[in-house]
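The values are calculated or read from the model by the stated rules, or taken from the named source; none is laboratory data. Model, not experiment: these values are computed from the prediction. Virtual Cβ from ideal backbone geometry, glycine too; neighbours counted across all protein chains shown.
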Amino acid sequence: MNSPDPDRLRYAQIAGAAARHAQGWRLTADEEAVAIAELTEAAAGRAGLLAERAGTALGFGEGRPDAARYQQIAELCIAAGADQALIERWIEVGRERAAAVAAIPYTGHPPGGLMLLAPGLGTASGPGLGTGPGPGLGRTAATLLIERRAHIERPGTSGLPRRAV
């Protein structure tokens with residue numbers, strides 16, 4: 001059994017802490033101090049990992065509507081001790097990742113709506129769904145969604161009692 005790469009785990013901790021604290025607006029001095037302390041602790045002396053997060057944030061965030069948040073992530077990582085000599089090479093990686101994401105076409109919601117994205121729905125393994133026995137009686141998630149929409153759209157079927165007028 002392979003164990004996870006400790007650097008990737010540490011990087012994930014850094015990325016999570018940076019994302020949690022970077023809001024895209026100016027932090028108070030106390031908020032910034034807490035963020036820097038958490039990033040410093042998460043990095044455990046790994047200035048290269050802080051540089052990786054700073055650079056990928058800068059590269060990925062270029063030209064995005066939320067670029068200020070990515071800039072703030074980088075600034076927090078730099079303040080926590082990122083190796084500034086390494087940041088530039090990671091900016092290019094961030095740009096490449098942004099280009100890869102931009103190349104994926106948006107296709108809208110899946111057929112049947114977002115309900116199909118829930119684990120187990122739309123398959124025979126879901127509770128009462130699919131073709132297996134059970135309360136769903138072979139109904140698919142799409143069928144259940146259509147039935148639910150029809151129920152919601154009928155007047156007086158919202159589940160709330162009707163008011164006497």
| field | Gly16, sole failed condition from (1) out of contact with any His (no Cβ under 6 Å at 6 or more places or on another chain); (2) part of a helix (DSSP H, G or I); (3) buried (at least 18 other Cβ atoms within 10 Å of the Cβ) | value | (3)
| message | Regarding the range 48-67, can at least one residue be identified that is more than 22 Å from the chain's Cα centre (by Cα), surrounded by fewer than 18 Cβ atoms within 10 Å (Cβ to Cβ) and modelled with pLDDT of 95 or more? | response | yes
